[in-house]
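All remarks here apply to the structure that follows.
The values are calculated or read from the model by the stated rules, or taken from the named source; none is laboratory data. Small disclaimer: the values here were computed from a predicted structure and weren't measured. Neighbour counts run over all protein chains shown; Cβ positions are idealised from the backbone, glycine included.
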């Protein structure tokens, strides 16, 4: 088995897990305590990550850079504490894996 297969699958598994992680926050936005705009604000990050994942699955290098940019944005948005290291670090690692996949696959 070449090194490309584990990178290929690990990048895709992590991208799905990131989408699921942000999708959990949609459930919080559906609470009766929130208005429509609050609910939509919980939906937007999930849609952004879903779009980045779709791009990364088709074009690994472009999607890799988008994941890295999204991860850096999360690191800055969450004020550089432990939660931001997890929330922003996983997309950065996923982006690096997609970049490696794009490099090894030659696409």
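Where residues in segment 18-43 are at pLDDT 80 or above and loosely packed, with under 12 Cβ neighbours inside 10 Å, which of them is nearest to residue 98 (Cα to Cα)?
20
List every residue pair whose Cβ atoms lie under 7 Å apart, where the two residues are 6 or more positions apart in sequence or sit on different chains, the first residue falls within segment 24-38 and is more than 18 Å from residue 49 (Cβ to Cβ), and the second residue, located anywhere, is modelled with pLDDT under 70 and assigned to a helix (DSSP H, G or I).
Close Cβ pairs satisfying both conditions: 38/29.
State whether one or more residues within segment 25-39 are over 16 Å from residue 105 (Cβ atoms) and within 15 Å of the chain's Cα centre (by Cα).
yes
Determine, yes or no, whether residue 63 is surrounded by 13 or more Cβ atoms within 10 Å (Cβ to Cβ) and more than 16 Å from residue 89 (Cβ to Cβ).
Judged against the criteria, residue 63 is a match.
Scan 60, 54, 85 and give me the residue that is within 17 Å of residue 10 (Cα to Cα) and free of Cβ contacts under 8 Å to residues at least 12 places away in the same chain.
It is 54.
Condition check: loosely packed, with under 14 Cβ neighbours inside 10 Å, within 16 Å of residue 91 (Cβ to Cβ), touching a residue at least 24 places away in the same chain (Cβ under 8 Å) and out of contact with any helix residue (DSSP H, G or I) (no Cβ under 7 Å at 6 or more places or on another chain). Does residue 76 satisfy that?
no
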